[in-house]
1. Can you tell which of Ser41, Ser51, Ser20 is more than 18 Å from Ser72 (Cα to Cα), out of contact with any Leu (no Cβ under 6 Å at 6 or more places or on another chain), surrounded by 14 or more Cβ atoms within 10 Å (Cβ to Cβ) and among the small types (Gly, Ala, Ser)?
2. More than 14 Å from Lys93 (Cβ to Cβ) and over 16 Å from the mean Cα position of the chain (by Cα): which single residue out of Gly30, Gly19, Gly38 fits that description?
3. Check Gly62, Gly78 and return the single one that is surrounded by fewer than 17 Cβ atoms within 10 Å (Cβ to Cβ), in contact (Cβ under 8 Å) with a residue 24 or more places away in the chain, under 14 Å from the mean Cα position of the chain (by Cα) and assigned to a loop (DSSP other than H, G, I, E, B).
4. State which residue pairs qualify: first residue charged (D, E, K, R) and inside the stretch 34-45, second residue outside any loop (DSSP other than H, G, I, E, B) in any location, beta carbons under 7 Å apart, and separation of 6 or more residues or different chains.
5. Determine whether the stretch 16-23 contains at least one residue that is part of a loop (DSSP other than H, G, I, E, B) and modelled with pLDDT of 90 or more.
Amino acid sequence: MTIFLTEIAELRLRTFLQGSAKGENSAQRGVRVSVTDGGCSGYQYALDITSEPKPDDILQEGRVKIYIDRKSAPLLDGVLIDYIEGLTQSGFKFSNPNATESCGCGQSFKAGDCSPTGVPCS
């Protein structure tokens, strides 16, 4: 189980982690990556800053600690997280080898025939 970060995504995540260091448990501070039902295509990505990982999270150590939701892990294996900056859009972009379809908004995906019914982009 591996999630990959581009250099700029890692830098952005480290910056967010440093900015959220208000007396929290810095030894465990990291980013929790998961997938939830929703979005245009069925699943949507979630990134959360955490100092309290869940007991069943998978830990990926590196310059940024990544906690991976165990239920989401099969859908996240091999994902590349990038950070893009542009005139019309800035934010994290996910390239997922497990996705069979992606939404035009770039925040949701479908994986085979197991995706729930999606909802329109807003």
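1. Step by step, each of Ser41, Ser51, Ser20 is checked, and only Ser51 is more than 18 Å from Ser72 (Cα to Cα), out of contact with any Leu (no Cβ under 6 Å at 6 or more places or on another chain), surrounded by 14 or more Cβ atoms within 10 Å (Cβ to Cβ) and among the small types (Gly, Ala, Ser).
2. Gly19
3. One residue alone meets the criteria, Gly78.
4. Asp37/Tyr43
5. Looking for residues that are part of a loop (DSSP other than H, G, I, E, B) and modelled with pLDDT of 90 or more, one finds none in the stretch 16-23, hence no.
The values are calculated or read from the model by the stated rules, or taken from the named source; none is laboratory data. Worth saying up front: this structure is predicted, and the values here are computed from it rather than measured. Backbone-built Cβ (ideal geometry, glycine too); neighbour counts: all protein chains shown.
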